[in-house]
1. Rounded to the nearest 20 debye, what is the charge dipole size of the chain about its Cα centre when +1 sits on each Lys and Arg Cβ and -1 on each Asp and Glu Cβ?
2. Apply the Karplus curve 6.51 cos²θ - 1.76 cosθ + 1.60, θ = phi - 60°, to the phi angles in the range 126-134 and return the couplings in whole Hz, x for Gly and Pro.
3. Looking at the chain, I'd like the Rg to Rh ratio, where Rg is from alpha-carbon atoms and Rh is Kirkwood's inverse mean 1/r.
4. Order the peptides 132-144, 276-288, 53-65 from the highest to the lowest mean number of other Cβ atoms within 10 Å of their residues.
5. Between A191, L115, V32, whose Cα lies farthest towards the positive end of the dipole of the chain when Lys and Arg beta carbons carry +1 and Asp and Glu beta carbons carry -1, centred on the Cα centre?
6. Compute the FRET efficiency between A93 and D117 as 1/(1 + (r/R0)^6), taking r as their Cβ-Cβ distance and R0 = 25 Å, and round to the nearest 0.05.
7. Relative contact order for the range 128-252: what percent, with Cα pairs under 8 Å and sequence separation of 6 or more?
8. If one takes the longest principal axis of the Cα atoms in the chain, at what angle in degrees, from 0 to 90 and to the nearest 10, does the Cα axis of helix 55-67 lie?
Amino acid sequence: MPDLLAPLIDHFHARTPIRAGSLVVTVFGDAVVPRGGVLSLESLLAITRAFRIGDGVVRTALSRLVADGWFERWKLGRNSFYRLTGSGAAAFARATARIYGPPAPAWSGTFDLLLLDGTNDLRAELAGAGYGSLAPDLMIGSRPAAGAGEGAAGEGALRLAARPEDAATARRLAARAWPVAEVADRYARFAATFAAAGRAVAAHPPAGLDALVLRILLIHEYRRAVLKDPLLPADLLPEDWPGAAARDLCAALYRAVAPAAEAWLDANATTDSGPLPPAGAEFAARFAA
């Protein structure tokens, strides 16, 4: 398995400078949050060493994450422990739903259009809710987002439901309003990076820490694409959309390595009260659809 992991870890290190904090975020989101959310520094360093990241680099990254309000830290004796803050946990929950959740539901055939009066705050709110932009003051949604733009009428905005004449027009509008081509490139790069791993793991699933390292690398790279993805319905995407194949590859690899990765965590990862507790039912639902 080192022959499989080495090029993937090299790929991770090819981005300079190494963003150890980003990897720590992935470790917690993928492996720690489903198991109660607390991890000892000793356990974290055992994982990050397998990525060829020095302990000092990880400690510095953790200090920054604590200072930025993502994590809280405490000590028992000579041991340090970490968990997400409330705001960090909320951000993780939103990302988790996008990374591991089901594909977008079928499209109703109608766009949700909002013509704004130049209010920047509302534009930012809509963009955060998944709306694209056709013009500086014209936002478009593939479906009305819950709570999005509720104050629009009071601020002089106009809301319309619009049904394109045909599927080709709908796809062209989607390509104008959202970064469809950029996200497609991200998914294609992800698939190219992990194609060999998919073939190797199908024949010889890894064990122990190798399985956990591969799983974290997988999600660390996949989230770079999916968190940029507006998650549009299939009817609004190109027919050769690479996101579907990338998700299938990610899901298959994840399911293949998850049991061994969880076994390593059972045997080696600790909290401030003992072994890391088992994952809850939400973990089993990852990539279920």
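1. On the way: 30 positive and 29 negative charges, 137 e Å.
Roughly 660 debye for the chain.
2. Result, rounded to whole Hz: 5, 4, x, 8, x, 6, x, 10, 8.
3. Working: Rg = 21.1 Å, Rh = 20.8 Å.
Over the Cα atoms of the chain, Rg/Rh equals 1.01.
4. Values: 132-144: 17.7, 276-288: 14.2, 53-65: 15.8.
Peptide ranking by packing, descending: 132-144, 53-65, 276-288.
5. Of the listed residues, the answer is V32.
6. Values: r = 33 Å, r/R0 = 1.31.
Between A93 and D117 the formula returns 0.15.
7. On the way: 80 pairs, mean separation 41.2, N = 125.
Here the relative contact order equals 33 percent.
8. Once rounded, the angle reads 50 degrees.
The values are calculated or read from the model by the stated rules, or taken from the named source; none is laboratory data. Predicted model only: the values in this text are computed from it and were never measured. Heads up, the Cβs are rebuilt from the backbone with ideal geometry, glycines too, and the neighbour counts pull from every protein chain shown. Areas reflect the complete protein model, heavy atoms only, side chains present, ligands, DNA and RNA absent. Shrake-Rupley method; radii C 1.70, N 1.55, O 1.52, S 1.80 Å.
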